[in-house]
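Here is the structure we will look at, set down as structure tokens.
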């Protein structure tokens with residue numbers, strides 16, 4: 001079984017050149033060494049490619065905030081041993097109140113700030129439903145098991161590496177526009193240093209909800225309201241109902 005995951009995000013990246021790697025029983029390749037190790041561990045514990053990919057996806061939401069996250073969307077290309085292929089469309093959708101003119105200024109010109117930064121720049125999140133759907137349809141292990149590493153990393157924390165430090169430094173001016181971002185991704189109103197510990201208790205609570213209730217842990221109850229409140233506080237138009245209505249699709 002092979003799974004390729006394409007998740008969308010805005011990220012600052014460093015260019016690196018690595019030697020090719022080969023494996024005979026299974027391979028895991030991600031943007032983060034912690035997530036890669038978790039994927040390998042899941043495979044060694046009897047999980048299949050989907051189990052590993054879903055575990056990695058949730059870990060990246062903790063350890064790779066510049067790209068891996070619960071608030072984005074993506075596509076999942078799955079090739080089964082029997083030759084069948086599936087695609088899960090978990091891309092973000094536009095909120096019901098989106099309009100053709102919402103990225104224009106008062107003079108009718110495109111406002112790039114609205115398009116790229118703030119509440120109007122994001123869509124209704126699909127990543128969680130996509131990962132839960134993939135695990136339910138194609139995984140072997142329980143959702144709680146594959147999510148446990150992400151929960152532990154959010155609760156206990158992980159150390160900032162050089163690449164994450166680099167990304168934080170380059171995005172820090174943008175962070176200052178959003179108090180909630182500064183709350184989690186700054187250190188006494190300064191950028192994190194390499195080796196600093198990042199603990200995300202609130203994220204852990206959301207992950208625990210998802211592990212226990214599946215998609216309903218994210219798309220029902222408190223979480224849709226919190227998403228809508230935060231988005232609207234920064235000029236967005238996402239409603240709790242938009243989040244509740246979201247469904248990923250198998251193509």
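The values are calculated or read from the model by the stated rules, or taken from the named source; none is laboratory data. On a predicted model such as this, the values are computed, not experimentally measured, just so you know. All Cβ positions, even for glycine, are placed from backbone atoms using ideal geometry, and neighbour counts span all protein chains on display.
Annotation note: Cβ proximity below 9 Å between a residue of the range 177-201 that is under 28 Å from residue 116 (Cβ atoms) and a residue that is surrounded by fewer than 11 Cβ atoms within 10 Å (Cβ to Cβ) and at pLDDT below 90 (sequence gap 6+ or interchain) occurs for 182/189. Return yes or no: is residue 56 without any contact (Cβ under 8 Å) to a residue 60 or more places away in the chain and assigned by TED's automatic domain parsing to the domain that holds residue 229? In short, yes.
A residue that is at pLDDT 95 or above and over 22 Å from the mean Cα position of the chain (by Cα) can be found somewhere in the range 30-45.
Just one of (1) touching a residue at least 60 places away in the same chain (Cβ under 8 Å); (2) surrounded by fewer than 18 Cβ atoms within 10 Å (Cβ to Cβ); (3) in contact with a helix residue (DSSP H, G or I) (Cβ under 9 Å, 6 or more places away or on another chain); (4) outside the structural domain of residue 88 (by TED's automatic domain parsing) fails for residue 136. It is (4).
If the condition is being touching a strand residue (DSSP E or B) at 6+ places or on another chain (Cβ under 7 Å) and either over 21 Å from residue 202 (Cβ atoms) or without any contact (Cβ under 8 Å) to a residue 12 or more places away in the chain (or both), then the range 218-245 contributes only 242. Selection of helices (runs of 4 or more DSSP H) fully inside the range 157-239 by the criterion of at least 1 residues being at pLDDT below 95 and surrounded by fewer than 18 Cβ atoms within 10 Å (Cβ to Cβ) returns 162-175, 179-185.
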